[in-house]
Amino acid sequence: MFAKPTTGLALLLATFLAAGCGGGGDAGGGPGAAAGDDEPMTSSVDASTAGNVSGTVSFTGTPPAPEPIDMTEEQVCAEQYSSRPTTQTVVVGDGGGLANVFVHVREGLSGHTFPTPSAAVLDQEGCRYHPHVLGLQTGQTMTIRNSDGVLHNINASPSENRPFNVSQPVEMDTERSFPVEEVMIPLRCDVHGWMAAYVGVLPHPYHSVTATDGSFSLETLPPGDYVVEAWHERYGVQTQNVTVTTGGTAEITFEFNEAMAGNPVPLAEPWVLTHQGEPGHAVGADRP
Amino acid sequence: MDARTAGPGAGTRRAAALAAGLLCAAALALVALAPTPAGAQVEGAAVYDRWCAGCHGVDGDGQGPAAGRMLPRPRDFTVGLYQIRSTGTGELPTDEDILRVIDEGMPGTAMPGWSEVLTRAERNALVEYLKTFSRFFASSPEPEPLDFPRAPGSSEEKLVRGREVFELIECNRCHGPAGRGDGTSSPTLENDEGHPTVAADLTEGWMFNGGGTVEDIYRRLRTGLDGTPMPSFSDLVDAEVISSEDLWSLAHYVRSLSPGERPPVREVVTARFAEEGPVPTTPDDDAWDEVERYWVPMVGQILLPPRWFNPRVDGLWVQALHDGQELAVLVTWSDPSRSPDPAWDEWATKVMEVMDHPDAGSTAGAGPGDRLTVQFPATATEGMERPFFLQGDARRPAYLWTWRSWQAGPVEAEARGLGAEQPQPADGQDVTTAAVWEAGQWRVLFSRSLTTEGEDDPPFAVGTAIPMAFQAWDGDNGEQGAQGSVSTWYFLSLQQPTPMAAYVAPVVALALAFGLLLLMVRRAQRREEGAQAPASRV
């Protein structure tokens with residue numbers, strides 16, 4: 001094994017160096033340290049010249065039947081439902097609106113700065129996450145709440161950020177934040193295999209999660225050209241180009257259908273477009 | 001498979017150790033001359049490519065050629081996610097944390113320990129090289145280990161409090177009420193890769209990844225096992241839901257669920273002669289508490305196709321008694337499900353979906369149930385001669401006792417090769433079984449007369465050592481047929497009853513000796529009296 005002493009020697013040298021020179025340096029804040037806490041930034045957006053984007057995401061065709069959840073193992077949660085609870089993956093409203101779509105500005109905001117908003121709450125109630133899809137700004141505190149009082153663990157598996165997995169056996173709050181932009185971060189509870197949530201982290205506040213009527217709005221955007229992306233956990237992503245003018249509200253719509261289910265966008269690869277809404281001529285070429 | 005057992009390597013290792021020592025001295029003198037730490041990465045790469053890439057892949061992505069049969073999969077170093085750390089959840093491991101896993105391996109997985117295979121310098125270089133696979137190491141501050149106080153001592157009160165905390169923070173949800181990995185959430189557990197993963201059996205502390213001491217357990221409660229369902233409980237202490245002392249009590253309690261140290265593997269299982277009367281007829285008889293238990297490690301059957309790389313049963317506790325007429329063998333093992341259990345229906349399918357290129361004829365889902373086979377040679381053997389350990393062969397058949405969770409009997413069979421077993425006729429079945437499944441544990445009792453009228457039943461002669469081996473199947477883990485766990489051969493030795501003479505002789509001898517002593521004392525006293533009288537007259 002040690003036929004080449006010179007090799008071993010070099011190895012040792014290197015090891016000594018590596019071991020000896022690596023020390024020092026404080027770790028600083030933990031994973032939960034919010035980047036924006038100490039530096040109250042003001043927005044570089046002039047509200048008096050801003051405009052808005054709003055619209056709806058609709059589902060065309062017959063949506064799949066809601067997937068029932070068997071909660072018999074957790075009676076505390078099961079008792080909260082008069083009929084059998086279902087997963088929040090595909091929720092289509094009466095008017096055909098698709099809920100839980102994460103709509104956000106993907107391109108067109110370079111050069112702007114934004115203050116870190118106050119904490120957003122991710123609640124665990126009835127052994128489901130509320131909201132099922134949550135938008136955060138980088139560094140913004142996420143207050144993870146256990147309203148059930150039964151054991152949950154919150155297991156986040158990001159790719160760009162560091163993961164975490166914390167236990168909440170009683171009613172309590174736990175705070176975490178993500179310092180790096182990432183769409184989307186999956187969260188799960190290992191105690192209740194059906195519990196899933198997705199968190200989108202952006203360096204700006206222009207994100208919205210569609211309600212059951214499929215509506216969304218992105219408000220107080222500086223005038224200009226944007227690429228707006230709509231992300232759905234089952235049907236992937238689509239983009240639209242939109243121009244925002246002072247005082248105006250640009251209307252855009254997205255449509256999803258069941259045929260898109262076969263090719264969901266891998267998590268953490270949101271910039272690869274797979275469905276309708278070709279990237280085309282990307283305006284504001286820089287990612288925010 | 002275990003690199004440490006390679007016999008001829010011992011000399012090489014000593015030579016390597018000597019060489020490393022000499023080199024250390026030289027390196028100390030020269031270390032100032034070394035230009036950059038980049039050299040570490042070059043050498044680490046060589047060590048890695050030779051010893052690690054087969055499983056972890058040359059690119060460190062856990063996709064090596066051998067990875068496809070492993071569950072859990074080899075670590076993907078590119079994501080910078082490490083289970084065993086001294087740092088908080090989500091944080092990177094320290095160099096010492098990575099080195100520890102290289103040194104000790106990950107028990108219960110395919111990852112062996114390397115401390116006796118690679119030099120310290122090679123292992124250190126590996127640590128540096130592994131860190132280059134993930135961008136997180138370069139872009140993050142130096143990881144700081146969590147600061148823990150030293151472990152407080154244990155006490156009865158702390159163990160009681162530990163049990164309370166176990167229930168308060170619901171460890172049982174995954175680990176089960178007695179800690180054997182049979183919690184209600186256990187069948188649905190998955191790791192970050194979406195692969196089925198098991199909650200640790202807390203009664204086998206010597207198998208714990210990251211160490212089995214109270215400190216090790218406490219540290220993992222604080223850090224969690226990132227990438228797995230095991231969370232960190234640090235936030236509970238910070239939020240004062242429980243105290244740090246509570247967590248220490250829990251660590252003591254978890255520690256108390258396992259033997260003090262790794263049970264030794266002993267080749268001879270002694271069936272003690274039950275002087276107190278007939279052997280117990282149930283697995284729950286208190287008499288078993290007084291009977292010595294022997295640990296028998298089990299491994300997946302990977303010699304004959306279809307092979308099995310994901311065995312559930314990693315060991316059995318074996319106890320044996322005889323009363324001169326009847327032999328009783330009690331086998332106890334951890335199994336999180338009483339197969340077939342509907343809650344585990346999908347488990348085996350998920351396991352098989354992960355396996356790359358399973359052998360033809362492999363299991364596709366849950367097997368019919370749990371099963372245990374005890375095997376003996378069908379015909380008398382001499383010396384170390386034994387049948388092939390996988391149910392014999394055409395030349396030397398094996399005599400089997402099989403218990404099945406899904407059907408009663410037939411227990412006795414003869415086999416001339418794996419799967420080629422012939423049950424004895426119904427009127428020739430002389431072995432009875434009694435089984436209990438409780439809190440993630442099977443206890444199965446086999447009983448048979450030492451001698452039977454069955455022509456094919458080898459007699460169990462008192463005072464002899466009879467070869468004995470085991471096979472186990474967990475149906476809900478997909479195990480059936482050739483795909484289960486196996487042991488090597490052991491010996492079952494039936495203890496001689498102590499003959500009555502052995503009790504009488506010492507008593508007689510003692511009485512005789514005492515009598516003689518009395519006699520001598522008497523004589524001496526008389527002689528003294530005789531001697532004193534004349535003297536007084538003088």
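For region B:64-113: of the residues being part of a loop (DSSP other than H, G, I, E, B) and among the hydroxyl-bearing types (Ser, Thr, Tyr), which is modelled with the lowest pLDDT?
B:Thr109
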Residue match in region A:136-143 (condition: touching a helix residue (DSSP H, G or I) at 6+ places or on another chain (Cβ under 7 Å), over 21 Å from A:Glu251 (Cα atoms) and surrounded by fewer than 18 Cβ atoms within 10 Å (Cβ to Cβ)): no
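Each row is one residue, and each column tells you yes or no for (1) crowded, with 23+ Cβ neighbours inside 10 Å; (2) at pLDDT below 95.
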position	(1), (2)
A:Glu182	no, no
A:Val199	yes, no
A:Thr212	no, yes
A:Val228	yes, no
Region B:187-239, residues that are in contact (Cβ under 8 Å) with a residue 24 or more places away in the chain and acidic (Asp, Glu): B:Glu190, B:Asp192, B:Glu193, B:Asp201, B:Glu204, B:Glu215, B:Asp226
Complete set of residues in region B:317-352 that are within 27 Å of B:Pro264 (Cα to Cα) and touching a His at 6+ places or on another chain (Cβ under 9 Å): B:Ala328
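Can you pull out every residue in region B:166-182 that is touching a residue at least 24 places away in the same chain (Cβ under 8 Å) and either under 30 Å from B:Arg73 (Cα atoms) or more than 10 Å from every other protein chain (Cβ to nearest Cβ) (or both)?
Scanning region B:166-182 gives B:Phe166, B:Ile169, B:Cys171, B:Cys174, B:His175, B:Gly176, B:Pro177, B:Ala178, B:Gly179, B:Arg180, B:Gly181, B:Asp182.
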Identity of the residue in region B:257-284, within 14 Å of B:Val296 (Cα to Cα) and charged (D, E, K, R), that ends up nearest to the chain's Cα centre (by Cα): B:Arg262
Every residue from region B:306-348 that is surrounded by fewer than 24 Cβ atoms within 10 Å (Cβ to Cβ), in contact (Cβ under 8 Å) with a residue 60 or more places away in the chain and assigned to a helix (DSSP H, G or I): B:Ala343, B:Trp344
Within region B:365-386, tally of residues that are touching a residue at least 24 places away in the same chain (Cβ under 8 Å) and under 27 Å from the mean Cα position of the chain (by Cα): 14
Residues being surrounded by fewer than 23 Cβ atoms within 10 Å (Cβ to Cβ), in a loop (DSSP other than H, G, I, E, B) and touching a residue at least 24 places away in the same chain (Cβ under 8 Å) - total across region B:119-141: 4
Per-region count, region A:182-192, residues more than 8 Å from chain B (Cβ to nearest Cβ) and in contact (Cβ under 8 Å) with a residue 60 or more places away in the chain: 7
For B:Asp147: the one exception among (1) in a loop (DSSP other than H, G, I, E, B); (2) crowded, with 19+ Cβ neighbours inside 10 Å: (2)
Selection from region A:214-226 of residues that are assigned to a strand (DSSP E or B) and surrounded by fewer than 20 Cβ atoms within 10 Å (Cβ to Cβ): A:Ser215, A:Ser217, A:Glu219, A:Thr220, A:Gly224, A:Asp225
Residue list for region B:236-277, filter: of a type in the set (Val, Ile, Thr) and either part of a loop (DSSP other than H, G, I, E, B) or touching a helix residue (DSSP H, G or I) at 6+ places or on another chain (Cβ under 6 Å) (or both): B:Val237, B:Val241, B:Ile242, B:Val254, B:Val265
The one condition in (1) in contact with an Asp or Glu (Cβ under 7 Å, 6 or more places away or on another chain); (2) among the hydroxyl-bearing types (Ser, Thr, Tyr); (3) more than 23 Å from B:Leu225 (Cβ to Cβ) that A:Tyr206 fails to fulfil: (1)
Hits in region B:250-300 - residues which are on the phi < 0 side of the Ramachandran plot, free of Cβ contacts under 8 Å to residues at least 60 places away in the same chain and small (Gly, Ala, Ser): B:Ser258, B:Gly260, B:Ala274, B:Ala287
Search result, residues across region B:421-445 that are loosely packed, with under 15 Cβ neighbours inside 10 Å and within 28 Å of B:Met384 (Cβ to Cβ): B:Gln422
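Residue-by-condition table, conditions (1) crowded, with 21+ Cβ neighbours inside 10 Å; (2) at the interface with chain B (Cβ under 10 Å from one of its Cβ atoms); (3) among the basic types (Lys, Arg):
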| site | (1), (2), (3) |
| --- | --- |
| A:Pro131 | no, no, no |
| A:Ser147 | no, no, no |
| A:Asn165 | yes, yes, no |
| A:Glu171 | no, yes, no |
Criterion: within 14 Å of chain A (Cβ to nearest Cβ) and β-branched (Val, Ile, Thr) - qualifying residue of B:Val237, B:Val265: B:Val237
Single residue of region A:51-83 satisfying the filter (surrounded by fewer than 18 Cβ atoms within 10 Å (Cβ to Cβ) and within 20 Å of A:Thr245 (Cβ to Cβ)) that is nearest to the chain's Cα centre (by Cα): A:Ser54
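The values are calculated or read from the model by the stated rules, or taken from the named source; none is laboratory data. Since the model is a prediction, treat every value here as computed from it, not as a measurement. Virtual Cβ from ideal backbone geometry, glycine too; neighbours counted across all protein chains shown.
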